[in-house]
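The values are calculated or read from the model by the stated rules, or taken from the named source; none is laboratory data. Worth saying up front: this structure is predicted, and the values here are computed from it rather than measured. Cβ atoms come from the backbone with ideal geometry, glycine included; neighbour counts cover every protein chain shown.
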Amino acid sequence: MKNVQKIICVFICSVQLTFLTAQDTTQQVVSGRHNSKEQETKPYVILISADGFRFDLAEKYHATNLLKLRQQGVAAKYMTPSFPSVTFPNHYTIVTGLYPSHHGLVDNTFYDWPRQATYSMGNKKFVADGTWYGGTPLWVLAEKQQMVSASFYWVASESNIQNTNPTYYYIYNDKIPIDSRIQTVKDWLQLPEDKRPHLITFYFPEVDHAEHDYGTESKQTEDAVHFVDESVGKLNAAVASLHLPVNFIFVSDHGMTNVDTVHSISRPLSIDTSKFIVPFGDVLIHMYAKNKNDIQPAYEALKKEATDYDVYLAENMPARWHYSKADDRYNRLGDIILVARLPEIFNFSRRRVTPGKHGYDNAFPDMRASFYAWGPAFKNNMVIDGFENVNVYPLIAHILGLTYPANSIDGKFEVLQDILK
């Protein structure tokens, strides 16, 4: 028996090792691209995301570089994520200026009827398939106007959206050391002017991972905040040495809260999986009816059964979420949607519950994200009130001098125009 266990252990370890070593760490380069002469004269924007970097973490854990840099520029009291307050929808909202119901990534996991397939952020094939994504990401906007862009990770940056990738990008992996990533950004900015990217995205997963695994009050989360802070400081210094008009925008996709790890919500008895497709969820559950006649009876039964969660028909979601059937341009919302109430989560598979979670009502303070900006385009030592993250897109487009069709996005340039010099 022990020998069998050893064999199984060796097999699992070899599979894991093969997966890790198989990660693609090479830079992807689209040949034949160059900046137009007009775009060569434009300023630069480096858009940084620290996943899960709640609005108060810089102060809470004394992130000295970020506190100093935002004082040289602009800090929002907070940035409100779009609903649901989860990673993929909000990262894609920031770079499209569209609410999730308008760009199509309505959750980290959701069902698509025409494809008869479930999109999941863990499905690398679907993540890389540009046909899943609506809207026009900033790098697509830039490339179509003959401005070179680059991405050291961002949701959908490795996807061929509108047949367009960033000129320089990486397939997401966790193998490239931070100093190598920073050096790559510096190298990009030292390319000849016709090849040099004016829009660069950069992503940190560390804070989100630590909060999920250990909670927001943990030493691990504090260490992750310091890692991001030190890395941003290094990146800022490396770029400053080049004496280029580079503007930095530091954001996060959502906040994080601590949940009840002992008591969680089991699958409600009223959910019949022979009648509904129910993808994975922990704060938000989508139920897709195979027969529309089953929606109302299931809804009424769930309403009677619900204690630690709220039950909605897709037609009557709160208007402030921009997340109802009327908003759903790609028909990807569930017919019935369940939303857990803090501090509870759904746990249908009865797996171990980790202490940190997000995805709740975006009005909850713990779901609030961060926004700081510094560089030659921004005013100094300015603090502004909270705002919705759909407004980052028109801000960046304005700085880079990129144009987009009127009414093609949900964000408004007027919301943030006063932070510019």
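Is it true that some residue in region 357-380 is closer than 30 Å to Q145 by Cβ and either β-branched (V, I, T) or not assigned by TED's automatic domain parsing to the domain that holds V148 (or both)?
no
Search region 153-186 for residues being under 19 Å from P43 (Cβ atoms) and not aliphatic (A, V, I, L, M), and hand back the single one that is surrounded by the fewest Cβ atoms within 10 Å (Cβ to Cβ).
K186
Quick check on A150: is it at positive phi, aliphatic (A, V, I, L, M) and either at pLDDT 95 or above or surrounded by fewer than 17 Cβ atoms within 10 Å (Cβ to Cβ) (or both)?
Considered against the rule, which asks whether it is at positive phi, aliphatic (A, V, I, L, M) and either at pLDDT 95 or above or surrounded by fewer than 17 Cβ atoms within 10 Å (Cβ to Cβ) (or both), A150 comes out as no.
Only one of (1) surrounded by fewer than 19 Cβ atoms within 10 Å (Cβ to Cβ); (2) under 20 Å from the mean Cα position of the chain (by Cα) fails for D194. Which number is that?
It is condition (2) that D194 fails.
List the residue pairs whose Cβ atoms are under 6 Å apart, where the first residue sits in region 312-335 and is more than 16 Å from H103 (Cβ to Cβ) and aromatic (F, W, Y), the second is surrounded by 20 or more Cβ atoms within 10 Å (Cβ to Cβ) and modelled with pLDDT of 95 or more, and the two are 6 or more positions apart or on different chains.
Partner pairs satisfying both residue conditions: Y312/I337.
Condition test on V232, is it within 18 Å of R368 (Cβ to Cβ) and crowded, with 22+ Cβ neighbours inside 10 Å?
On the way: within 18 Å of R368 (Cβ to Cβ): no; crowded, with 22+ Cβ neighbours inside 10 Å: yes.
Criteria not met by V232.
Can we say E158 is part of a loop (DSSP other than H, G, I, E, B), charged (D, E, K, R) and without any contact (Cβ under 8 Å) to a residue 60 or more places away in the chain?
For E158, the condition - part of a loop (DSSP other than H, G, I, E, B), charged (D, E, K, R) and without any contact (Cβ under 8 Å) to a residue 60 or more places away in the chain - is not met.
Kindly check whether there is at least one residue in region 342-365 that is surrounded by 22 or more Cβ atoms within 10 Å (Cβ to Cβ), in contact with an Asp or Glu (Cβ under 6 Å, 6 or more places away or on another chain) and closer than 24 Å to H103 by Cα.
There is no residue in region 342-365 that is surrounded by 22 or more Cβ atoms within 10 Å (Cβ to Cβ), in contact with an Asp or Glu (Cβ under 6 Å, 6 or more places away or on another chain) and closer than 24 Å to H103 by Cα.
Considering A238, A301, A224, which residue is more than 20 Å from the chain's Cα centre (by Cα), in the same structural domain as R70 (by TED's automatic domain parsing) and among the small types (G, A, S)?
Numbers: A301 fails: in the same structural domain as R70 (by TED's automatic domain parsing); A224 fails: more than 20 Å from the chain's Cα centre (by Cα).
Selected residue: A238, the only one of A238, A301, A224 that is more than 20 Å from the chain's Cα centre (by Cα), in the same structural domain as R70 (by TED's automatic domain parsing) and among the small types (G, A, S).
Residue-by-condition table, conditions (1) out of contact with any Ser or Thr (no Cβ under 6 Å at 6 or more places or on another chain); (2) at pLDDT 95 or above; (3) charged (D, E, K, R); (4) not in a loop (DSSP other than H, G, I, E, B):
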position: K234; (1), (2), (3), (4): yes, yes, yes, yes
position: A237; (1), (2), (3), (4): yes, yes, no, yes
position: G255; (1), (2), (3), (4): yes, yes, no, no
position: S274; (1), (2), (3), (4): yes, yes, no, no
position: H286; (1), (2), (3), (4): yes, yes, no, yes
position: P297; (1), (2), (3), (4): yes, yes, no, yes
position: E300; (1), (2), (3), (4): yes, yes, yes, yes
position: D310; (1), (2), (3), (4): yes, yes, yes, yes
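For T80, are the conditions met, namely being touching a Lys or Arg at 6+ places or on another chain (Cβ under 9 Å), farther than 23 Å from V415 by Cβ and modelled with pLDDT of 95 or more?
no
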